[in-house]
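The values are calculated or read from the model by the stated rules, or taken from the named source; none is laboratory data. Keep in mind that this is a model prediction, so the values were computed, not measured. A quick note on method: Cβ atoms are made from the backbone with ideal geometry, for glycine too, and the neighbour counts reach across all protein chains shown. Accessible surface is based on the protein model in full, side chains and every heavy atom, while ligands, DNA and RNA are left aside. Shrake-Rupley method; radii C 1.70, N 1.55, O 1.52, S 1.80 Å.
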Amino acid sequence: MRVVREYAGLIGVAAFVVGLAALAVGVVALLGTATATAPALPAAVDQAPAAAAPTTGQPAEFTQAYVQRAIDMYVSEGREKTFEHYFSDESAVERWYLFIIDTSVDELALHPNQALLGAKSAQRRDPRGYAYGAEMLKTTEEGQWVSYFYRTYDGDTPVEEGDKHTWLKLHDGLIFGSGWYENVVPLPTKDGDPAGYTQWFVQDAVDVYDVEGLDALLRKYNDPESVDGQWYVYVIDSDGTFLAHPTTKQLVGRNVRGRAGFDLVGNRFGPEFLEVTEAGRWLKSYYFTNPASGNCEARHSWAVRRGNIIIGSGWHEPPEHHSLLPSKCEQAHFTVATVNRAVERYRAEGYDATIAYHSSPQSVDGRWYTFILDAEKGVVLAHPAAESVGQDLTYREAYDDTGYFYAADLMRATPEGVFVRNYIASPSVDEENPLHSAVEEVKNYYAALEDGLIFASGWYAPPPTKEQPAEYARLLVGRALTMHEDHGMEATLERYNSPESLDGPWYVFILEDRGGDLYAAANPLHPERVGTTRERIDSSGFDLGKAFAAVTEEGGGEWVSYLFTHPETGQEARKHAWVVRRGNLVFGAGWYEGIGE
């Protein structure tokens, strides 16, 4: 809380003046009534020195005297001349200036910054939330001190802050005021010290929380008006859920443990937020959109914990460019350059040194790393995750979580290089891998052939949505396969026979292969079919049942296209189903051509 302090620096001066007056009365009584020819008072008395006026080196006393002079001028010369004088630059003394509040309407009637005229004192708060304006309105003829935190600006840029002590006196319905400053500190500048400015920006938000509470903090920093160029404040609770984010409103309510904790280039930065302490810390740099430029840039974030919330901000700088390496914001180009550098290392240092380097953690750059395959055998020769070395990618390790056999595309690498896209991950919630994440996402690979070796790297993207129907259908199948692997057939069938698993035209169906006859094991759209078999031939004569049964586990997933009734329109449309086999179970999900979702 702010302290309202009374200063009495002029009391001693007043007592001295009263004493002189008493002395003069005594002299007159002693000498009798003065006449025109009466001798003058002794020089020592007649020219007694007046009390020395306080100087700016005595800031409290000088402030009181400055305000009193304004009131005296108002009394002797009137309102018009007083206002004219104190609106002029000549009325200011160093940093002292006069302001006047008209209490009849609660408006600022005089101030050297005329843009402030008309401001309501009752609404004025300092940057830390103290309602000093309401305190000023309590001023009486005796005067009072009101102290508060202040900040000065150059345009929209804050340049200094500190404590201001203001002396106020009421006269003729007007409050006359002026003040002096202490504990003044220059603020770091955005251009000269962006890191320092970031820490100050966060502290300003912490002050709002400390003084006004969580609701006020969230109101202020969910408002886009709180954004200052590239600086904005985000607020996260101790569980990792965003409570405030003024530039990306869709993040509010999402958790940094999930997709919201990944940056634009796939680096997982979210969990580090939860390690922030009361002392604050700098987080590892990550790539995010600079709201001032709209570009993907490296972001350096400072965060501070206050009880159960974390308050942070950050500053951006364009990513460093290497002569051979594009920015990580250019993910495909960066991946190609990463592979090319590995090939160049092989050419310069040889097989053993290259294998050793790319089998070490030192070769990992964020979420980028290069792994090396034997082009003939498909065996992993180098990988920074030791458990991956020696894996045969012509077998089970070469399938993604949706059943896609991506190794077949990797093995087609040429010296010119190939892209292998849409490796979809649908991992278990408890899955841990230092080089991958425990959230759904897509990885895209680039692979190049050199001297019988395949060099490959990749980048990550958010999981597909319904606007990407083919990839989304694969993701649905991947989720079902992951559940089957983690929790078994009974739990999986219970889930995908429930109405909750049905999302409009999107659903997973599961068939059980009993010696070539396919029985419906899960179908939330047609529960009456579960446990039965039937002929599956569409209106064009295509035997989709036979196509489903022909899918093999070793071959990975396959697309099967056929005519089917859209569950919402009732119209027949071409459906494309992604189908994957696990033992005697066949999993599938599909999308309809030409009818949106």
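Quick look at the numbers
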| read-out | value |
| --- | --- |
| Search result, residues across region 137-167 that are part of a strand (DSSP E or B), open to solvent by 50 Å² or more (accessible area, probe 1.4 Å) and of a type outside the set (A, V, I, L, M, F, W, C) | TYR153, ASP154 |
| Per-region count, region 287-301, residues hydrophobic (A, V, I, L, M, F, W, C), surrounded by fewer than 17 Cβ atoms within 10 Å (Cβ to Cβ) and more than 14 Å from TYR232 (Cβ to Cβ) | 0 |
| Test: residue in region 214-233 that is in contact with a Ser or Thr (Cβ under 8 Å, 6 or more places away or on another chain) and in a helix (DSSP H, G or I) | yes |
| GLY594 vs. criteria modelled with pLDDT under 95, surrounded by 15 or more Cβ atoms within 10 Å (Cβ to Cβ) and at positive phi | no |
| Residue that is open to solvent by 10 Å² or more (accessible area, probe 1.4 Å) and over 13 Å from GLY312 (Cα atoms), where the choices are GLY266, GLY229, GLY280 | GLY229 |
| Residue, nearest to THR402 (Cα to Cα), within region 569-578, restricted to residues that are part of a strand (DSSP E or B) and either open to solvent by 30 Å² or more (accessible area, probe 1.4 Å) or in contact (Cβ under 8 Å) with a residue 60 or more places away in the chain (or both) | TRP578 |
| Residues that are over 16 Å from ALA521 (Cα atoms) and open to solvent by less than 50 Å² (accessible area, probe 1.4 Å), drawn from region 483-506 | GLY504, PRO505, TRP506 |
| The lone exception for ILE236 - which of (1) more than 30 Å from GLY57 (Cβ to Cβ); (2) over 16 Å from the mean Cα position of the chain (by Cα); (3) among the aliphatic types (A, V, I, L, M) it fails | (2) |
| Residue selected from region 328-357 under the condition under 37 Å from the mean Cα position of the chain (by Cα) and open to solvent by 60 Å² or more (accessible area, probe 1.4 Å), by the criterion nearest to GLY417 (Cα to Cα) | ASN340 |
| Residues of region 190-213 satisfying the condition of being part of a loop (DSSP other than H, G, I, E, B) and buried (at least 18 other Cβ atoms within 10 Å of the Cβ) | LYS190 |
| Filtered residues of region 358-378 (kept if open to solvent by 20 Å² or more (accessible area, probe 1.4 Å), under 30 Å from GLY261 (Cα atoms) and without any contact (Cβ under 8 Å) to a residue 24 or more places away in the chain) | PRO361, GLN362 |
| Sole residue being in contact with a His (Cβ under 6 Å, 6 or more places away or on another chain) and among the β-branched types (Val, Ile, Thr), chosen from THR465, THR492, THR414 | THR492 |
| From TYR472, TYR445, residue being open to solvent by less than 40 Å² (accessible area, probe 1.4 Å) and over 21 Å from VAL560 (Cα atoms) | TYR445 |
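Each row is one residue, and each column tells you yes or no for (1) open to solvent by less than 70 Å² (accessible area, probe 1.4 Å); (2) assigned to a loop (DSSP other than H, G, I, E, B); (3) modelled with pLDDT of 95 or more.
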site: THR37; (1), (2), (3): no, yes, no
site: ALA40; (1), (2), (3): no, yes, no
site: ASP72; (1), (2), (3): no, no, yes
site: TYR130; (1), (2), (3): yes, yes, no
